[in-house]
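I have placed the structure first, in the form of structure tokens, so that the comments after it can refer back to it.
The values are calculated or read from the model by the stated rules, or taken from the named source; none is laboratory data. Remember, predicted model here, so these are calculated numbers, not experimental data. FYI the Cβ positions are ideal-geometry reconstructions off the backbone, even for glycines, and counts take in every protein chain you see. Heads up: the accessible areas ignore ligands, DNA and RNA and are worked out on the full protein's heavy atoms, side chains in. Shrake-Rupley method; radii C 1.70, N 1.55, O 1.52, S 1.80 Å.
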Amino acid sequence: MAADQDMRVAVVYRSRGLAERIARQLRINRPAIAVTGIPAGRTAAARIRSEPPAVAVFEADAEDQVQERTLDSISGDPALARTAIIALTSAERPSYRLRLYALVNPDDPGNRVESAILSALEERKTPRAPAQRLETAVSEGALLRLLDFIKAATGVLVDPDKAHNLEKAVLQRTRALGLGSVWEYLNRLSSRGFAEKELDEIIPSFTVTETSFLRTEAHFRAIKSVVIPDLLRRKNRSSDRIRVWSAGCSTGEEAFSLAMTFVEEVGDLYAWDFKIIATDMNQDALDTARKGLYDHKDLKKLSTDQISKYFTESSGAFKVKDVLSGIIDFRPLNLAQGDFKSSLGETADLVFCENVIIYFDRTVLNSLAGSFFDAISPGGYLFLGYSESLYKVDHPFEDVSFENTFFYRKPLKGKAVRDRSKTPSAASAAPATPLRVPKIPPKSRPGAGRRREDSEPAPRPAAAAPGPSPRDLIAAGHFAAAASALRSELAANPESREAALLLSFSLAASGHADEASRIIAAVPRPAGLDAEIRFFEGMVLLAQGRDRDAIEAFRGAVFLDLDFYPAHFHLGELYAKAGAPRKAAVHFGNVLDILDRRAESGQVLTLDGAVAGERLAETCADSMAALSEERQT
């Protein structure tokens with residue numbers, strides 16, 4: 001009887017045929033599995049409890065409140081502790097998610113419901129290993145549940161192929177707590193108190209703490225030339241406060257860089273009600289930030305004067321002085337919590353969130369953009385990482401450009417905010433042409449801390465700084481704006497080959513592939529064959545979803561120029577997607593070899609913008625490592 005029970009699967013369905021389909025698929029590999037179909041409804045929970053199966057699959061839907069309540073109670077029922085609960089739903093954040101064996105999205109073409117069932121049955125019949133035989137690996141089913149837990153708890157998407165450090169951390173925690181298996185550890189995560197404590201333990205294993213002082217220099221130039229002068233014009237020293245938020249501050253370099261910038265530009269900062277709130281969910285990183293101790297190599301972007309002014313050296317270490325640390329409040333904060341205004345206790349005039357949103361999916365980003373907007377004061381600013389943008393994300397910010405960088409601004413009170421409900425969806429709408437910000441002298445002037453009275457004449461704006469180049473617009477993912485600029489450039493210089501090629505790419509990336517094809521076909525080919533033209537033809541084909549034709553175009557570019565590394569990069573991506581890991585690894589390796597030989601950081605255009613610098617090399621190296629593991633399994 002026990003053996004039969006260990007092979008029983010109950011499917012609580014909303015649509016007829018689901019149980020039969022699952023049974024048919026399972027019997028291909030495991031004929032002994034017994035599948036029972038149970039119609040969704042108020043009696044489904046009672047039927048599951050009366051004869052607990054080995055696995056219970058629930059076809060759920062966010063709009064079906066009865067099924068949602070059933071799952072919520074079932075997944076937390078101690079009497080069903082040995083039943084693996086699998087939810088088949090497209091809902092992003094169901095309340096029961098942290099207590100599931102697996103959550104499977106039916107819209108995912110790689111639907112895993114059958115494999116999740118088989119994994120659960122296999123783990124159920126495997127006896128617990130003796131204490132002396134510790135687990136040395138995390139099973140696929142356990143890893144998927146762990147990644148679901150992390151996404152639900154933190155919003156972070158961890159690639160299963162790059163979760164090695166996370167797996168090690170979970171194995172270490174399982175042993176440290178004296179638990180019998182990883183599954184026992186995962187089941188304990190259903191307890192809120194245990195989950196909160198363990199998150200602090202495992203977060204360092206899947207978050208990246210790499211940062212540096214003045215990391216993106218263009219952003220700090222924009223803060224000096226645009227943000228600080230604007231705040232000083234609009235703020236009253238005696239009554240107004242200035243708040244800066246470093247969101248995802250890591251080990252503190254970013255927050256101290258912001259403090260340094262404000263001290264240098266404002267002067268007597270302590271005369272203002274000024275504070276920097278620096279947050280991160282990584283407690284280890286926050287502990288390092290609070291200590292404010294750094295090696296000399298960490299200060300390589302700082303001048304000798306800045307080091308002597310803001311740091312005290314002792315035994316080879318450099319400690320941040322109180323002039324900076326005294327205006328920073330380091331706090332733990334999980335960006336997945338959403339309500340930042342309540343968490344921070346006040347709104348911010350400047351939010352700096354570099355290299356954080358790359359770890360979130362589009363759904364989380366849409367929510368995050370709204371939360372940032374609510375947490376920023378009217379007229380306040382939002383800075384993201386140099387390669388990050390809110391392109392294709394639903395947001396009400398104004399796009400702002402200064403020199404060669406981008407950031408965002410919340411409209412002042414009284415200014416109309418675009419009604420996105422009356423425009424095309426965020427996924428299809430073209431980004432607005434960025435505002436071009438005049439270059440304002442950064443140093444404060446006499447009276448800069450008081451408001452300009454209505455009777456005073458408005459200051460004459462300085463000459464506008466040159467706007468971003470089309471390549472910069474493309475790199476940031478602003479393809480529509482790039483296309484507009486390139487059309488103007490071509491009108492002024494119809495013979496510009498570069499403008500024509502970049503316009504074809506911008507149009508293809510923004511959904512106008514047919515026009516892109518016409519433009520690239522008209523580009524003169526001096527010798528009949530041209531590697532650069534073949535590359536851009538490949539990009540247009542890629543945008544059209546014609547992967548096979550794109551491969552041929554990129555191969556043509558490489559044939560004509562063996563060192564054309566952008567074509568190698570896309571060949572690596574396409575071969576990996578097509579299930580040819582050896583070919584993919586060769587091309588990713590070629591990119592690294594070419595860049596190393598040329599001593600270049602490199603940049604590759606993609607349909608999401610550009611991959612450049614360290615990120616390009618890291619992407620290739622990580623892809624090669626993942627492909628190597630794939631070949632070994």
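So, residue 394, is that one surrounded by fewer than 19 Cβ atoms within 10 Å (Cβ to Cβ) and touching a residue at least 40 places away in the same chain (Cβ under 8 Å) or not? So residue 394 fails the test. Determine whether the range 160-168 contains at least one residue that is at pLDDT 85 or above, open to solvent by 10 Å² or more (accessible area, probe 1.4 Å), under 25 Å from residue 336 (Cα atoms) and part of a loop (DSSP other than H, G, I, E, B). No - not one qualifying residue is present in the range 160-168.
Would you point out which residue out of 351, 417, 323 is among the β-branched types (Val, Ile, Thr), modelled with pLDDT under 90 and either outside any helix (DSSP H, G or I) or closer than 25 Å to residue 271 by Cα (or both)?
Residue meeting the stated conditions: 417.
Could you list, in sequence order, all residues of the range 136-155 that are part of a loop (DSSP other than H, G, I, E, B), open to solvent by less than 30 Å² (accessible area, probe 1.4 Å) and in contact with a Phe, Trp or Tyr (Cβ under 9 Å, 6 or more places away or on another chain)? Passing the criteria: only 155.
So, in the range 293-320, of the ones that are open to solvent by 100 Å² or more (accessible area, probe 1.4 Å) and assigned to a loop (DSSP other than H, G, I, E, B), which residue ends up nearest to residue 267 (Cα to Cα)? Per the criteria, the residue is 300. Filtering the range 219-273 to residues that are polar (S, T, N, Q), part of a helix (DSSP H, G or I) and under 26 Å from the mean Cα position of the chain (by Cα) leaves only 257. One residue is enough: does the range 332-347 have a residue meeting the conditions aliphatic (A, V, I, L, M), at negative phi and more than 23 Å from the chain's Cα centre (by Cα)? For the range 332-347, residues aliphatic (A, V, I, L, M), at negative phi and more than 23 Å from the chain's Cα centre (by Cα): absent.
For the range 326-348, give me the residue count where each residue is open to solvent by 30 Å² or more (accessible area, probe 1.4 Å) and either of a type outside the set (Lys, Arg) or part of a loop (DSSP other than H, G, I, E, B) (or both).
So the count comes out to 10.
Meeting the requirement of 2 or more residues that are among the aromatic types (Phe, Trp, Tyr) and either open to solvent by 20 Å² or more (accessible area, probe 1.4 Å) or at pLDDT 80 or above (or both), the helices (runs of 4 or more DSSP H) wholly within the range 522-632 are 531-543, 547-560, 565-577.
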